[in-house]
Amino acid sequence: MEISLICFIRVLFSSTFHFSLFPLFLNYVSYQVIARKWRPQTFEEVTGQEIITQTLRNALEHDRLHHAYLFSGARGVGKTTTARILAKALNCHKTKDKPNLTPCLLTDPDPCPSCVEISESRSIDVLEIDAASHTGIDDVRETIIENINFNPTRDRYRVFIIDEVHQLSKPAFNALLKTLEEPPENVVFVMATTELHKVPDTILSRCQEFEFRTIPLQKIFDRLKLIADAEKINIDDDALRELARSGTGSMRDAQSNFDQVISFSGEHITAPDAATTCVISAATSSAFSAICSFSKSPVTRATCSKPPFLTPTRCGKCPQHLPRRICCGFSIPSAKPRPACAKPPIRDTS
């Protein structure tokens, strides 16, 4: 490591190094993908979750702020983004003694330092914790419990954003119970999860829960259209609809596919280009079609694009109560009839 650093410094200050390449290098590094560059910064920009954003705005306006929120839903629908916007609204410096319902934008002439740091994930008073890599009780104790009684360094509130909270271990959840039930008055918890059924009921009862729905296709299309016009990208409406469809309700997936088709195509993007680059979505749809071939309902196979999931209710000891595949609320029947079972089903806690 030290040798590599010394070699880099020698090349940096050698006579053969061309400093004229610095702007090109900086422009290359500073590029941001569409999903990050166009991430919503205010409640009004959050797409497809109007009921949730309106509820949070009313809570801030009428001073009915809850101390713990739990955001659940599919990937790419705005859970972590809404958590950051809530943290910005609580700590924005444009209002002195109350939250700001319209926090600063990074494009404003004079955004406050708090909103800038929260948007860039480097705020001291807003701590984002990845529960997938901090799963143990020691991580919770060192990161949250031992530091929760300290006052905010500069802002009004200390906000703990715990992403993928269902990944925490059972001892870690138990260690959070007392803190989550009675935190200090200037502390707010915002937890996000894609698997709500893995969060213990003791945690759910201490939080105000919001379920984020998948985003309608038309709203994804409108957002992609806005991005294309702002970035001056020449793309057909049919291609945008194909990209919106490939997201399957996830704004981030659709924007990632948009980035991919921009790199693949030339100056003009057409619908075949968009269909070609949506490889992952096409593979998912193909796998789902193969699974749904067991179903007797042709309507379900033709209109559904969601993968089947397993029911959590079973006894686990007989074929009758084995986990069954469910597609959009309709059970996929098995080929052979299963014998009846007299045992009552139990809930799977795994």
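The values are calculated or read from the model by the stated rules, or taken from the named source; none is laboratory data. Just so you know, these numbers come straight off a predicted model, no measurement behind them. No Cβ is skipped: glycine too gets one built from the backbone with ideal geometry, and neighbour counts run over all protein chains shown.
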What is the one condition in (1) outside any helix (DSSP H, G or I); (2) farther than 29 Å from Ile162 by Cα; (3) in contact with a helix residue (DSSP H, G or I) (Cβ under 7 Å, 6 or more places away or on another chain) that Phe221 does not satisfy? (1)
Restrict the check to the range 95-108 and report whether at least one residue is among the aliphatic types (A, V, I, L, M) and crowded, with 19+ Cβ neighbours inside 10 Å. no
Hey, among Pro40, Pro113, which residue is more than 28 Å from Cys207 (Cβ to Cβ), out of contact with any Phe, Trp or Tyr (no Cβ under 7 Å at 6 or more places or on another chain), at pLDDT 90 or above and surrounded by fewer than 20 Cβ atoms within 10 Å (Cβ to Cβ)? Pro113
Which residue, of Leu65, Leu56, is of a type in the set (A, V, I, L, M, F, W, C), modelled with pLDDT of 90 or more and surrounded by 22 or more Cβ atoms within 10 Å (Cβ to Cβ)? Leu56
In this structure, does Asp273 turn out to be buried (at least 18 other Cβ atoms within 10 Å of the Cβ), over 22 Å from Phe71 (Cβ atoms), among the charged types (D, E, K, R) and over 20 Å from the mean Cα position of the chain (by Cα)? yes
For the structure I just gave you, tell me whether Glu195 is closer than 19 Å to Thr80 by Cβ and charged (D, E, K, R). yes
All conditions in (1) under 28 Å from Gln255 (Cβ atoms); (2) touching a residue at least 40 places away in the same chain (Cβ under 8 Å); (3) hydrophobic (A, V, I, L, M, F, W, C) are true of Cys112 except (2)
Which of the residues belonging to the range 117-126 are buried (at least 16 other Cβ atoms within 10 Å of the Cβ) and out of contact with any Asp or Glu (no Cβ under 7 Å at 6 or more places or on another chain)? Glu117, Ile118, Ser119, Val126
Selection over the range 82-93 where residues are under 15 Å from Glu61 (Cβ atoms) and basic (Lys, Arg) yields a count of 0
Going through Ala230, Ala239, Ala254, Ala244 one at a time, which residue ends up being in contact with a strand residue (DSSP E or B) (Cβ under 6 Å, 6 or more places away or on another chain), assigned to a helix (DSSP H, G or I) and at pLDDT 90 or above? Ala239
Sort out which residues of the range 143-170 are over 25 Å from the mean Cα position of the chain (by Cα) and loosely packed, with under 14 Cβ neighbours inside 10 Å, and write them in order of number. Glu146, Asn147, Asn149, Phe150, Asn151, Thr153, Arg154
Search the range 76-97 for residues that are under 13 Å from Glu128 (Cβ atoms) and pair each with any residue that is of a type in the set (D, E, K, R) when their beta-carbon atoms are under 7 Å apart and the residues are at least 6 apart or on different chains. Thr80/Asp163; Thr81/Arg39
